[in-house]
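Worksheet for the structure shown next.
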């Protein structure tokens, strides 16, 4: 989650929180499940397995629409926090200086993969839906 998305919660009257930083979602999820933190800001996909197993539940989604993976969880606007939105956009990165032919090949492969119904179904099944 971006710092600004997290910070937007800290300005609401009566809402107190102390930030705890982790090196990624896995240690943050471990801390939540271990009772070391009370709440976790993460993407739906990062905690999809735990939500599906029942060891975690999504309290609110920071998007304009409810997630189909936890349709009973309200959006931030529905929960009384309009304007608190944190959409997650992901991409692929390579080091600076990768030769153009390799870049073109990678772009071609990623385009074909993202058009594959089988791959899109796997993403969906992992809680990482994608619109190609």
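The values are calculated or read from the model by the stated rules, or taken from the named source; none is laboratory data. Everything quoted here is computed from the prediction, not taken from an experiment. For neighbour counting, all protein chains shown are included, and Cβ atoms are generated from backbone atoms with ideal geometry for every residue, glycine included.
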Taking the stretch 66-75, which residues are at pLDDT below 85 and surrounded by fewer than 17 Cβ atoms within 10 Å (Cβ to Cβ)? 68
Any chance you could count how many residues in the stretch 46-65 are assigned to a loop (DSSP other than H, G, I, E, B) and either in contact (Cβ under 8 Å) with a residue 12 or more places away in the chain or under 24 Å from residue 27 (Cα atoms) (or both)? 12
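Determine whether the stretch 24-40 contains at least one residue that is modelled with pLDDT under 60 and either part of a loop (DSSP other than H, G, I, E, B) or surrounded by 10 or more Cβ atoms within 10 Å (Cβ to Cβ) (or both).
no
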Taking the condition part of a helix (DSSP H, G or I), outside the structural domain of residue 32 (by TED's automatic domain parsing), at pLDDT 85 or above and over 27 Å from residue 33 (Cβ atoms), does residue 104 pass? yes
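Here is a yes/no grid of residues against (1) under 18 Å from residue 126 (Cα atoms); (2) over 14 Å from the mean Cα position of the chain (by Cα):
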{"site": "26", "(1), (2)": "yes, no"}
{"site": "38", "(1), (2)": "no, yes"}
{"site": "52", "(1), (2)": "yes, yes"}
{"site": "55", "(1), (2)": "yes, yes"}
{"site": "79", "(1), (2)": "no, yes"}
{"site": "84", "(1), (2)": "no, yes"}
{"site": "100", "(1), (2)": "no, yes"}
Confirm whether residue 83 is touching a residue at least 24 places away in the same chain (Cβ under 8 Å) and either outside the structural domain of residue 24 (by TED's automatic domain parsing) or touching a strand residue (DSSP E or B) at 6+ places or on another chain (Cβ under 8 Å) (or both). no
